[in-house]
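Asker: Below is the structure I would like to discuss, written out as structure tokens.
The values are calculated or read from the model by the stated rules, or taken from the named source; none is laboratory data. Because the structure is a prediction, the values reported are computed rather than measured. Here Cβ is always computed from backbone atoms with ideal geometry, including for glycine, and neighbour counts include all displayed protein chains. Only protein heavy atoms, including side chains, enter the accessible area calculation; ligands, DNA and RNA are left aside. Shrake-Rupley method; radii C 1.70, N 1.55, O 1.52, S 1.80 Å.
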Amino acid sequence: MKADMDKIITLSDRDSPAELQKYLSSLTDDQLITGITNGALKGKKVGATIKGIFKGSPANSTEGSDRRLLVYQHCIPLCESGDLQTEVAADIIGLLMLETHTLSGPSLAQLASLFVEAIKVGKMGSGKSLELFPTVLTALSACEVLSYGKGELSGEEYKKQLINSLCSSRWDPQCVIHLTTMFRDVPLSSEELRFLVEKVLRMFAKLDLQEIPPLVYQLLLLSAKGCKKQVLDGIISYFKEQDVRQEEEQKDGESLELEVQSIPQDQLRHVEGTVILHIVFAIRLDHELGREFLKSFKTSYGDLCPFSVALMLSVARIQRYEEQVFDLLKGAIIKSFKDEQLQQGSKFLQDLLPEHCSVAQMILDTVKNSVFGWDHVTQGLVQLGFCLMDAFGPKPGPFGKTTEGSATIARTPTQQACKLGGQVLLQGFKMHEPIRGEILEQVLNRLVTKTASPVSHYLDLFSDIVVSAPMILLESSSKLTETFDHLSYLPLATVQGLLKAVQPLLKVSMSLKDALILVLRKAMFSSQLDGRKSAVTGFLLLLKNFKVLGSLASSQCSQAISSSQVQVDVHSRYNSAANEAFCLEILSSLRRCLSQQADVRLMLYEGFYDVLRRNSQLASSIMQTLFSQLRRYYEPEQDLLPPVKLEPCITAHGDQVYLQEPLAHLVSCTVHCLLWLQNLHRSTNRNADNSDDDEGEEEEEEEGYQSELQTILESMTRRMIKSELEDFELDKSAEFSMGSSVGVKNNIYAVLVMGVYEVLMEYNFIKANYSKSRFEELMELFNRYHKLSEILREKSGKGRLPSHKTPRSLLSLGFISTLLTVLFRDSTQSREEALSVLRASGDFVRYAVSVAVQKIQQLEETGHTDGPDGQNTERTFRFLCDMTSVLIWRYTNIPSVVEDAGKKEKRSSLSQLCLEGLLRIFTTCQQRFPDRMAQLLSTMDISEEADESDDNTEMNFFYIRQFQRALFTQLSGGEDEFNSKEAQLLVSILSVLSRQLKPSSKQFVQMITWTVKICKETSFEDSAFSKGLLSLLFNLHVLYKSPVSLLLELCQDIHSQRGDIDPEVEVEKQSHFAIVNTKTVTNAALLVLSQVDRVLDEVDWLIARKKSQTLFDKSGSGEATQTAGQQDPIEKAVTLQLGTLLTALNELVQTSLLPGNCTITLLRELTRTYNILTTLVKYYIQVCTSQHVALPARFEKLVKLSGSHLTPQCYAFIIYAQSGEYNGGGADDKKKKKRNDGNTITSAKLQRETTGIPNLIFSIEQYEKYLITLSKKSKVNLMQYMKLSTSRDFRINANTLDAALQEQDNAEETTESQDVEETPEPKQKKRRQ
């Protein structure tokens, strides 16, 4: 055998073809094959042998051709067998590739079939010989004609058949990668490529997870030929599926408590990470692929998944795509939140569409997944987080002012996007060590640099970072100390937030604490007022949080300082002694503030009480400070009036007068500290029997200044009661205008005196212990206060300058809560006589309620109140609960008491105040404590009716019924007894409480039924009340079902009330809703139009959604998504909504609405309706072009309705609107007078009111233009329903013109002026069109 082979080689070398041919002919096929096999296995000279065989087998002879084919047929399986050395197999395949083009057509066809069969039965395991297949196919396609079955095919067609048969057959998972690699070298048409890519993507599911990355790599190389979008979409959807399956398995595993993992999570994540790297690498090399990826992302926001988000963030590392990627992600996130909000606010959309998939959740999942070594994603996550926080963070208000108090809950899409940015950064910070430094640095940089805009969102993030990883922060304390250096230049709110956040760190890091104290000391002497305020804030915070041993552990700490990761014993002997020295040192620094501006002193007085409560050992220092300060302004001479010196409290600078000492706040701070200490001693004396000598001495000293202070306060009370207004240089004749320095001085004096009166009232109430005589003194104080406040109100109201608000009351929230309770609910027999003194004064009771309302308003706006415990959310909430139960009791129980006519008026205003308080409490609770609304309601006293269940909804509904009853009583009393303001407040309260009901509950249905009933039966002509009631109705209705049918009924009512635009037409009198009457009809029309706008928003959103779906389906699968004869539910819903809406607008368009706002709004909504109809027509043009389906019958009806009903009426309304304006805006005599005075106002108004007309005509014509296009595409004549308009023709109504000209100029002859005027008229009209 070996000799045979050697001879072939020898003959071949000798270059004698004839001999070689002769010798080869003498060998049998078996001999040849055995020779090649042996040579190949031994790896010796097999290449030379095959060369020799080819040389002696001329391709043009039949024998030679057959021999060549035999060699090919034998060598291919031989190379696949795996028995040969790699180099030998590669040599053989190389030789075969060189000779392929010499094979005849039939031979090539046979070879190709051999390959296809081998692949089908899975014999192409090693894929070595597959390199030859592309050469065979290329050679095949060059053949001109081949026999196929009984007929003939060209080579190209034959190749197509082969590829088709190959892609349709079953592939062995082992050879998928080899086949994909092989197809890279095969010339393919785009159709074949699509077919192939689909096949490979289908094979993903059958492969082992580890084989996916190399296959993806080959697919990406293959995508250079085309089908880029398909490849990327396929890869992303595969991983999306895997993620979903993995998540479900995890859930099942948790519920069944057993492991059911077909794919281990870490393995899946690592594979995903590798695939992302492959794709990013491919995109770097092929920018067309990158463009395709971003394009497909744009069209399919809804198909986002954690994998595609991670891929996007990795692509962002390529500089040319960075900006684009973040813009796309920001767009997707905000769109997702907006869509979610739209869906949550409308039952119609909820029923129509499935639950919205949350992009925010996807992004947070990506953060979670990035733990598995996705370093290429983390950088993108940091950028995305800051990108969201920068773009969607709170914006500065007018004049750069920042709104006080951040809202606790993210409600708007922008707030939610900003919150998501914060979550991404916080989770990233916790999980990835390398990015921590960068996140921290960027947050601190923003806190320092963004002084013009609010940074509350960055403060929240920083605070969360401190709590989650305090020890990590200590490692980068240098960054913090660097930030501290900027403290005195930062806005006060930023300083407060920053210092609160770093509080836990100061306890464990001495260096940080020292650095801060140095900075604060410098700030104390800052030239900027804000810098000094920052110093006071910082020092007070330190005093609150560094406990001195022996201080009572206060349970009411407003911020939990301890962190689970910071274990430090701050109560050890050494620490407490150090703390005491440290605190006393700070106090001495703070004493310097007492000679600074009023604002700085004010901060100190407001902070001392909290410091004392947290650090009771500092009592003597604090009290002595306050005492010595108070003495400066106290008149020790007992016979002199007044008891306080007001002169030193003010200072003048040029001709300006300023407040220097907020005296009332000083007295208030002293009183509250004194009362708290006395309470403390009372409770400790009860507990302790004996005390040490030291403590005894200390106590004596404390009792000394306590009794002295008490004496001063008693004396002040006595003398303040005796003092007349003249003693303070204030009386009725004094000047209070803010324009002059005397007026300003008097105003400051008045506010100080009123403040002192209030503080003394609170002190005396607490000290009185329900004694009648003390309460009488308290009433004396109040009368003085009341007299002064009345003068102030009267005087400030007179001035030309706007009256200034009543100064903030100095009563504490806790006291107001107690006072209201005893005034309205306390029925203790022993206190009856004393309380009757307070209850007898209507002014005092009203004052108490109005202060409560003022405090709640402050809480609603800023999140805290003045005075002690104002910053403490827990206590504040408790006071709110107490006040709510008292105010509800007062409002619901007193009206039943019959009162005489004299008191009636006052009582109603008191009830109104109670209602206002309740409304504010409910709104505040919903904003600031959204989760505790149920708790607020459950603390109230419930009468026997509400023992049905302790369910929150039930509880809420019990109060809704109470207020419904109250409103019903109001409405059943007749119009003369109807109190509009009170009714409006009741409606507002009902709308706040109804937000707590679940739209699916039976209570919600009862609520809506009741509201509809009230709207149908109430005919009071009060426009403000009707507006509130209709708004409530719409807000409820939209959560119950689509409001279009309701809008239609209301439009019919409005038409019937206002009459028709054609005076000769009599409108059928119908009244579905009595609330729509002559007085309220304009408001009702505006509200209805705003609802129409909302419905149009939803319809527009649905059409856009369908459009993008159609686009996606077209590019993705190319299949029609709609079955014939059955309309898509979304299309059906859109058509029905628009149908009812057109009928409703048809009613409004025939109504003779007043010129002005109503007409402008109606024109705008009509324009929008036609624009949306045009969008719908464009959508059907798209559907008809891509899918060739018939138009739905419902849509044809809609077109018919728009053409026959709405369009002609629109043109009639345009003529009416214009004629209305020429007549001077309706039949209003005043307007006619004005027009006679000067036509300028009328012409300006006319211009404003008619700008909507050309827009409307344009949108109608656009609609008709696209209808013509659709008619051609769908072969349905839709234009048969349209009547051509005449609104573009120039109309000169001779009679109207005649009358107008006569009015303008009676002196000239009418005919002349007509000639003059008639020429420019068309031009003007034309211009306006």
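Asker: Looking at this structure, is Lys1027 within 20 Å of Thr923 (Cα to Cα), open to solvent by 60 Å² or more (accessible area, probe 1.4 Å), in a loop (DSSP other than H, G, I, E, B) and not hydrophobic (A, V, I, L, M, F, W, C)?
Answerer: no
Asker: Has region 211-218 got any residue that is open to solvent by 70 Å² or more (accessible area, probe 1.4 Å) and not charged (D, E, K, R)?
Answerer: Yes: one or more hits.
Asker: Same structure, new question: Show the residue pairs that are 6+ apart or on different chains and have beta-carbon atoms under 6 Å apart, the first residue being within region 1052-1081 and touching a residue at least 24 places away in the same chain (Cβ under 8 Å), the second being part of a loop (DSSP other than H, G, I, E, B) and aromatic (Phe, Trp, Tyr).
Answerer: Asp1053/Phe1073
Asker: Right, next: Would you mind stating whether Leu111 is modelled with pLDDT of 75 or more, part of a helix (DSSP H, G or I) and surrounded by 14 or more Cβ atoms within 10 Å (Cβ to Cβ)?
Answerer: Answer is yes for this residue.
Asker: Would you mind stating whether Arg170 is surrounded by fewer than 18 Cβ atoms within 10 Å (Cβ to Cβ) and under 28 Å from Gly155 (Cα atoms)?
Answerer: When the stated conditions are applied, Arg170 passes them.
Asker: Which condition number in (1) at pLDDT below 90; (2) farther than 20 Å from Arg1058 by Cβ is the one that Phe1195 fails?
Answerer: (1)
Asker: Then there is this: Of these, Ala3, Ala18, which one is modelled with pLDDT under 70, over 19 Å from Ser107 (Cα atoms) and surrounded by fewer than 13 Cβ atoms within 10 Å (Cβ to Cβ)?
Answerer: Of Ala3, Ala18, the one residue that is modelled with pLDDT under 70, over 19 Å from Ser107 (Cα atoms) and surrounded by fewer than 13 Cβ atoms within 10 Å (Cβ to Cβ) is Ala3.
Asker: If Lys479 satisfies every condition in (1) part of a helix (DSSP H, G or I); (2) crowded, with 17+ Cβ neighbours inside 10 Å; (3) in contact with a Gly (Cβ under 9 Å, 6 or more places away or on another chain) but one, which is the exception?
Answerer: Of everything listed in (1) part of a helix (DSSP H, G or I); (2) crowded, with 17+ Cβ neighbours inside 10 Å; (3) in contact with a Gly (Cβ under 9 Å, 6 or more places away or on another chain), Lys479 misses just condition (2).
Asker: Residue check: is Lys419 over 20 Å from Gln324 (Cβ atoms) and modelled with pLDDT of 85 or more? I'd like the intermediate steps shown before the answer.
Answerer: Numbers: over 20 Å from Gln324 (Cβ atoms): yes; modelled with pLDDT of 85 or more: yes.
Spelling it out, Lys419 is indeed over 20 Å from Gln324 (Cβ atoms) and modelled with pLDDT of 85 or more.
Asker: For Arg184, indicate whether it is surrounded by 14 or more Cβ atoms within 10 Å (Cβ to Cβ), among the charged types (D, E, K, R), closer than 23 Å to Glu117 by Cα and in contact with a Cys (Cβ under 7 Å, 6 or more places away or on another chain).
Answerer: no
Asker: Within region 1190-1217, which residues are of a type in the set (A, V, I, L, M), out of contact with any Ser or Thr (no Cβ under 9 Å at 6 or more places or on another chain) and under 19 Å from Pro1129 (Cα atoms)?
Answerer: Hits for region 1190-1217 are Ala1193, Val1199.
Asker: What single numbered condition from (1) in contact with a helix residue (DSSP H, G or I) (Cβ under 8 Å, 6 or more places away or on another chain); (2) within 30 Å of Met738 (Cβ to Cβ); (3) outside any loop (DSSP other than H, G, I, E, B) fails to hold for Leu618?
Answerer: Every condition holds for Leu618 apart from (2).
Asker: Taking the stated definitions as given, is Ala501 farther than 27 Å from Thr862 by Cβ and in contact with a helix residue (DSSP H, G or I) (Cβ under 6 Å, 6 or more places away or on another chain)?
Answerer: no
Asker: Any chance you could count how many residues in region 893-940 are in a helix (DSSP H, G or I) and either under 35 Å from the mean Cα position of the chain (by Cα) or at pLDDT 85 or above (or both)?
Answerer: 28
Asker: Sticking with this structure for a sec: Search region 647-661 for residues being in contact (Cβ under 8 Å) with a residue 12 or more places away in the chain and of a type in the set (S, T, N, Q), and hand back the single one that is most open to solvent (accessible area, probe 1.4 Å).
Answerer: Gln656
Asker: Another one. If you scan region 351-396, which residues turn out to be under 22 Å from Gln265 (Cα atoms), more than 16 Å from the chain's Cα centre (by Cα), in a helix (DSSP H, G or I) and among the β-branched types (Val, Ile, Thr)?
Answerer: Thr366, Val367, Val377, Thr378
Asker: Suppose we keep only residues that are closer than 16 Å to Gln1109 by Cβ and not aromatic (Phe, Trp, Tyr) within region 282-319. Which one would you say is surrounded by the most Cβ atoms within 10 Å (Cβ to Cβ)?
Answerer: Only one residue tops the list, namely Leu304.
Asker: On to the next question. Of all residues in region 813-827, how many are open to solvent by 10 Å² or more (accessible area, probe 1.4 Å), modelled with pLDDT of 90 or more and among the polar types (S, T, N, Q)?
Answerer: Summing the residues that are open to solvent by 10 Å² or more (accessible area, probe 1.4 Å), modelled with pLDDT of 90 or more and among the polar types (S, T, N, Q) in region 813-827 gives 2.
Asker: May I ask you to list pairs of residues, at least six apart or on different chains, whose Cβ atoms are under 6 Å apart, with the first in region 471-498 being in contact (Cβ under 8 Å) with a residue 40 or more places away in the chain and the second being β-branched (Val, Ile, Thr)?
Answerer: Listed pairs, sorted by first residue: Leu487/Val495; Leu487/Val519; Pro491/Thr451; Thr494/Val455; Val495/Thr537; Gln496/Thr537.
Asker: Of everything in region 446-476, what is assigned to a loop (DSSP other than H, G, I, E, B) and within 20 Å of Ser534 (Cα to Cα)? Give them in sequence order.
Answerer: Answer for region 446-476, where residues must be assigned to a loop (DSSP other than H, G, I, E, B) and within 20 Å of Ser534 (Cα to Cα): Lys450, Thr451, Ala452, Ser453, Pro454, Val455.
Asker: Let me ask something else. Being open to solvent by 30 Å² or more (accessible area, probe 1.4 Å), closer than 16 Å to Phe824 by Cα and not hydrophobic (A, V, I, L, M, F, W, C) is the filter here; which residues of region 840-857 pass it?
Answerer: Gly842, Asp843, Arg846, Ser850
Asker: Now for a different question. Can we say Gln442 is assigned to a helix (DSSP H, G or I), under 21 Å from Ala360 (Cα atoms) and open to solvent by 30 Å² or more (accessible area, probe 1.4 Å)?
Answerer: Considered against the rule, which asks whether it is assigned to a helix (DSSP H, G or I), under 21 Å from Ala360 (Cα atoms) and open to solvent by 30 Å² or more (accessible area, probe 1.4 Å), Gln442 comes out as no.
Asker: If you don't mind, another one. Restricting to region 1047-1064, give me the number of residues that are closer than 18 Å to Leu1162 by Cβ and either under 41 Å from the mean Cα position of the chain (by Cα) or open to solvent by 60 Å² or more (accessible area, probe 1.4 Å) (or both). Don't jump to the end; show me each part of the working.
Answerer: From region 1047-1064, those closer than 18 Å to Leu1162 by Cβ are 1047-1062; that's our starting set.
Applying the additional criterion that residues be either under 41 Å from the mean Cα position of the chain (by Cα) or open to solvent by 60 Å² or more (accessible area, probe 1.4 Å) (or both) yields 1047-1055, 1057-1058, 1062.
Residues flagged as closer than 18 Å to Leu1162 by Cβ and either under 41 Å from the mean Cα position of the chain (by Cα) or open to solvent by 60 Å² or more (accessible area, probe 1.4 Å) (or both) within region 1047-1064 amount to 12.
Asker: Out of everything in region 341-350 that is touching a residue at least 40 places away in the same chain (Cβ under 8 Å) and assigned to a helix (DSSP H, G or I), what residue ends up being most open to solvent (accessible area, probe 1.4 Å)?
Answerer: Looking at residues that are touching a residue at least 40 places away in the same chain (Cβ under 8 Å) and assigned to a helix (DSSP H, G or I), I get Gln341.
Asker: Could you please tell me which pairs satisfy a Cβ distance under 9 Å, a separation of 6+ or placement on different chains, a first residue in region 772-794 that is touching a residue at least 24 places away in the same chain (Cβ under 8 Å) and open to solvent by less than 20 Å² (accessible area, probe 1.4 Å), and a second residue that is of a type in the set (Phe, Trp, Tyr) and not in a helix (DSSP H, G or I)?
Answerer: Close Cβ pairs satisfying both conditions: Ile791/Phe736; Leu792/Phe736.
Asker: Still on this structure, I have one more. Out of Ser836, Ser817, Ser830, Ser809, report the one residue that is touching a helix residue (DSSP H, G or I) at 6+ places or on another chain (Cβ under 8 Å), among the polar types (S, T, N, Q) and farther than 28 Å from Asn746 by Cα.
Answerer: Details: Ser836 fails: touching a helix residue (DSSP H, G or I) at 6+ places or on another chain (Cβ under 8 Å); Ser830 fails: touching a helix residue (DSSP H, G or I) at 6+ places or on another chain (Cβ under 8 Å); Ser809 fails: farther than 28 Å from Asn746 by Cα.
One residue alone meets the criteria, Ser817.
Asker: Given the criteria open to solvent by 30 Å² or more (accessible area, probe 1.4 Å), β-branched (Val, Ile, Thr) and either modelled with pLDDT of 95 or more or part of a helix (DSSP H, G or I) (or both), does Thr1140 qualify?
Answerer: Against the criterion (open to solvent by 30 Å² or more (accessible area, probe 1.4 Å), β-branched (Val, Ile, Thr) and either modelled with pLDDT of 95 or more or part of a helix (DSSP H, G or I) (or both)), Thr1140 qualifies.
Asker: List every residue pair whose Cβ atoms lie under 6 Å apart, where the two residues are 6 or more positions apart in sequence or sit on different chains, the first residue falls within region 308-333 and is under 20 Å from Phe239 (Cβ atoms), and the second residue, located anywhere, is of a type in the set (Phe, Trp, Tyr).
Answerer: These pairs meet every condition: Val315/Tyr321; Leu328/Phe297; Ala332/Tyr301.
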